[in-house]
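S.K.: So that we are looking at the same thing, I have put the structure below in structure tokens.
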Amino acid sequence: MPVTVEEVRALALQLPRAYEALVHDRVKFRVGRIVFLAFSRDETVMGFGFPKDQRAALVAAEPAKFSLPSTSDMRYHWVHVKLSAIDHAEMTELVLDAWRMCVPKKVAAAYFADRRGPGPGTGGGAAR
């Protein structure tokens, strides 16, 4: 089953310090002023925070699923994914990793400790 914006919203809004914003008819999720998730206007593509030094490898490994951002957004830690190409587990991993890039380490550590287990990225998260 393809992932929906509603599923992403349900996860993102439960994360500490995260909130939703509507900017130029696009749904975005932020921590403070930092955007960690954003959707295309037609809600088929999700942009998410991802380490710059790993994104070329991610896109090269699965070009039908992932794509680089526009030229003007290449300065950001950002990648795009087609929602129809991922399942709930992969969406969860991508969202949590993007959120974790925006919050203080202690906030992320407390969130993952409450979930009783290591967080994504601690042993093979989104860094493929």
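S.K.: Report, ordered by chain and residue number, the lysines lying within cross-link reach of Lys82, taken as a straight Cα distance under 23 Å and ignoring same-chain residues fewer than 8 apart.
M.R.: Hits, sequence-local ones excluded: Lys28, Lys52, Lys65.
S.K.: When the accessible area of the chain is split by element with a 1.4 Å probe, what percent falls to carbon and sulfur?
M.R.: On the chain, the fraction of accessible area on carbon and sulfur atoms equals 55 percent.
S.K.: How high is the relative contact order of region 1-79, in percent, with contacts defined as C-alpha pairs under 8 Å that are six or more residues apart?
M.R.: 17
S.K.: With helices defined as uninterrupted DSSP H runs, which ones in the chain have an alpha carbon span along their own long axis of at least 27 Å and mean Kyte-Doolittle hydropathy of at least 1.0?
M.R.: none
S.K.: Next up: Ranked from the most accessible area to the least, with a 1.4 Å probe and all protein chains present, what is the order of Arg26, Arg9, Arg33?
M.R.: Heavy-atom accessible area, descending, gives Arg33, Arg26, Arg9.
S.K.: So, one more: Once you charge only the Cβ atoms, +1 for Lys and Arg and -1 for Asp and Glu, what is the size of the charge dipole of region 64-118 about its Cα centre, to the nearest 20 debye?
M.R.: 200
S.K.: How much area per residue is accessible in the chain when the probe is 1.4 Å and only protein heavy atoms are counted (Å²)?
M.R.: Roughly 56 Å² per residue, with all protein chains present.
S.K.: A further question on this structure: Sort the following peptides by mean Cβ neighbour count (other Cβ atoms within 10 Å, averaged over residues), highest first: 36-43, 77-84, 59-66.
M.R.: 77-84, 36-43, 59-66
The values are calculated or read from the model by the stated rules, or taken from the named source; none is laboratory data. Keep in mind the model is a prediction, meaning the values are calculated, not measured. As a convention, Cβ positions derive from the backbone with ideal geometry for all residues, glycine included, and neighbour counts pool all protein chains shown. The accessibility values were calculated without ligands, DNA or RNA, using every heavy atom of the protein model including side chains. Shrake-Rupley method; radii C 1.70, N 1.55, O 1.52, S 1.80 Å.
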